[in-house]
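Asks: What follows is a single structure, and I will ask about it in a moment.
The values are calculated or read from the model by the stated rules, or taken from the named source; none is laboratory data. Since this is a predicted model, take the numbers as computed values, not measurements. In this analysis, Cβ positions are derived from the backbone assuming ideal geometry, glycine residues included, and neighbour counts consider all displayed protein chains.
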């Protein structure tokens, strides 16, 4: 069997006496349990036009329409659903982060159905979920930007009939063999998701350099990430007043933050007097107690306003431009269980309580 079959819907109508599988659209055995689905809305095609690139643009409207469909599930798709339930049970913590367990089961089922559609043997697919990279493979299976599970969901026969009777459902076609209701473009969408899933599964982390030489706060020049993430791992471009970063009045400085410093900023909620201090103390391991916040450090500078930063020379390690880094570690270790007051920060004395 070809791994990537290309099919066009066949025009021969299915027999009204035969029930179809809700997933693959194939005919099911007469004694297979069925479920009644009632669609209360339907798409109405108002107009269609062909674009210059050959794509057909359809103008649709929604109308009220009660349509009843009786569908079952073939033995093959039932086995896929059982495998999805097993995956959810094996990775329950991850599944709960997606929402409810029932939603996770449906999403996993769509991903496995996509592999089934392309002819990937069950044993081959399951091997990916039991190997050393099992967690990564499972996560990628349902990740939105990979698109495998979503393409699999779009390919399911029920999706075009319920809860909305779609234009695709009205043109369902197929001859009752598994997946015969799909057009080649729909198979292509699943194939693209599969190829992305395969590529990302074997992808390894590598250093991804900062767009402007270093992180605005800590000055690190590169962070580890996947090549497919590219510069997006550095987040959106930031524009910050140089005085907020502990520098002289140089105006607005543009740059990016590494994931660690960006998390500190997000937890702080905004750029302010404590944000820079928070980023450094988070890095050195400061564990504030429930009654304490973060101190305001005087004299602390971000990499972006130092000479190294202005010259674009990245730090070999985070915050290496701060000579008082070791002192910060000691202070954080001793202050983690006490409420902090204001600090004075300078290269000669390091972090010390401010004198009123």
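Asks: If you scan segment 207-258, which residues turn out to be out of contact with any helix residue (DSSP H, G or I) (no Cβ under 7 Å at 6 or more places or on another chain), exposed (fewer than 12 other Cβ atoms within 10 Å of the Cβ) and farther than 15 Å from residue 271 by Cβ?
Replies: 207, 224, 230, 232 - these are the residues of segment 207-258 that are out of contact with any helix residue (DSSP H, G or I) (no Cβ under 7 Å at 6 or more places or on another chain), exposed (fewer than 12 other Cβ atoms within 10 Å of the Cβ) and farther than 15 Å from residue 271 by Cβ.
Asks: Another one. Please name all residue pairs, on different chains or six or more residues apart, with Cβ atoms under 7 Å, provided the first residue is in segment 153-169 and is without any contact (Cβ under 8 Å) to a residue 24 or more places away in the chain and assigned by TED's automatic domain parsing to the domain that holds residue 80 and the second residue is surrounded by fewer than 20 Cβ atoms within 10 Å (Cβ to Cβ) and assigned to a loop (DSSP other than H, G, I, E, B).
Replies: Correct list of pairs: 160/166; 160/172.
Asks: Could you list all residues from segment 166-186 that are out of contact with any helix residue (DSSP H, G or I) (no Cβ under 9 Å at 6 or more places or on another chain) and either part of a helix (DSSP H, G or I) or modelled with pLDDT of 85 or more (or both)?
Replies: 175, 176, 177, 180, 184, 185
Asks: Which of the following residues is modelled with pLDDT of 90 or more and assigned to a loop (DSSP other than H, G, I, E, B): 300, 257?
Replies: 257
Asks: Here's something else I'd like to know. Report yes if residue 176 is surrounded by 15 or more Cβ atoms within 10 Å (Cβ to Cβ) and in contact with a strand residue (DSSP E or B) (Cβ under 8 Å, 6 or more places away or on another chain), otherwise no.
Replies: So residue 176 fits the description; yes.
Asks: Then there is this: Could you tell me how many of the residues in segment 9-41 are at pLDDT below 90, within 27 Å of residue 118 (Cα to Cα) and not in a loop (DSSP other than H, G, I, E, B)?
Replies: Residues that pass the stated criteria total 0.
Asks: State all residues of segment 127-137 that are more than 19 Å from the chain's Cα centre (by Cα) and farther than 18 Å from residue 193 by Cβ; if no residue qualifies, say none.
Replies: 127, 130, 131, 132 - these are the residues of segment 127-137 that are more than 19 Å from the chain's Cα centre (by Cα) and farther than 18 Å from residue 193 by Cβ.
Asks: Hey, among the residues in segment 259-281 that are farther than 17 Å from residue 298 by Cα and in contact with a helix residue (DSSP H, G or I) (Cβ under 7 Å, 6 or more places away or on another chain), which one's surrounded by the most Cβ atoms within 10 Å (Cβ to Cβ)?
Replies: The qualifying residue surrounded by the most Cβ atoms within 10 Å (Cβ to Cβ) is 261.
Asks: May I pose another question? Mind checking which residues of segment 115-140 are at pLDDT 90 or above, under 15 Å from residue 94 (Cα atoms) and outside any helix (DSSP H, G or I)?
Replies: Once the filter is applied, which keeps residues that are at pLDDT 90 or above, under 15 Å from residue 94 (Cα atoms) and outside any helix (DSSP H, G or I), segment 115-140 yields only 129.
Asks: Would you pick out the residues in segment 187-231 that are in a helix (DSSP H, G or I) and either on the phi > 0 side of the Ramachandran plot or modelled with pLDDT under 85 (or both)?
Replies: Correct list: 202, 230, 231.
Asks: For the condition farther than 28 Å from residue 108 by Cα, at pLDDT below 75 and assigned by TED's automatic domain parsing to the domain that holds residue 150, what is the one hit in 66, 53?
Replies: Residue meeting the stated conditions: 53.
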